[in-house]
Structure formats: structure tokens, C-alpha cells
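Student: Take a look at this one; I'll ask things after.
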């Protein structure tokens, strides 16, 4: 009797794991298709203010807004100038870009010069 009970518990666990895996896969696939259709509204930048509130720059049909999002409500705080937003986005992109690395011979020469200077001092 205990062997059958153990086997039924194992079967139940396996079936539950399969259901969880299928739900996870379907949510991931569904999220891909849902986000592709929403190209009119884009969240450009998000900053968390507290656990349940944040400030966002939102692009709605080419107009930019500063919005506050919280658990209770969402508000448009300010209409933003498109030129100013583009300048800010260019600065953010510049800060996040990968630096232009030197070639290996330049790095070797600079490190050699650095260590030579350290030996002299």
C-alpha cells in the first residue's frame, strides 16, 4: 500500500512540474507577441523612487512626458520638449557605449612607460 502511495505522490509531483514548465513557456511566448504590438507607447527611461513608485519618461505617439507611476495612480507630471529629450538620450547612450580600446601595441607601450616611470620614482 505504501509503495502505491509513494508512486502516486511522485506522479503528482511530476505532473505539477510539467504544468509549471508549460505555463512558464506559454507566458514567455505570449509576452513576446504582446510587446511587439505595442509600438505607440514606449518607456524611454525609468527610475525607481520607492518600492511601489517610479518616475518615467514616456514616448506616446512621438510626444514625450514625465510620468509618475505608483500603486494607486499614474499621473503625467510634465510635457517634455522633444529636442531636450533627444539630447538627454544621446548623453545616456554616449555614457553607456563601449569605450574605443587601443590596439595591443599601444597598451603594451603605455604599460611599459608606466612601469618605467614607477621605477624612476
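The values are calculated or read from the model by the stated rules, or taken from the named source; none is laboratory data. On a predicted model such as this, the values are computed, not experimentally measured, just so you know. When we count neighbours, we look across all protein chains shown, and the Cβ atoms used for this are built from the backbone with ideal geometry, even at glycine.
Residue-wise test of (1) exposed (fewer than 10 other Cβ atoms within 10 Å of the Cβ); (2) outside the structural domain of residue 87 (by TED's automatic domain parsing); (3) in contact with a strand residue (DSSP E or B) (Cβ under 6 Å, 6 or more places away or on another chain).
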site	(1), (2), (3)
5	yes, yes, no
12	no, yes, no
16	no, yes, no
30	no, yes, no
45	no, no, yes
55	no, no, yes
70	no, no, yes
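Student: Out of all the residues in the stretch 88-98, is one or more at pLDDT 75 or above, surrounded by 11 or more Cβ atoms within 10 Å (Cβ to Cβ) and touching a helix residue (DSSP H, G or I) at 6+ places or on another chain (Cβ under 9 Å)?
Tutor: No, because not a single residue in the stretch 88-98 is at pLDDT 75 or above, surrounded by 11 or more Cβ atoms within 10 Å (Cβ to Cβ) and touching a helix residue (DSSP H, G or I) at 6+ places or on another chain (Cβ under 9 Å).
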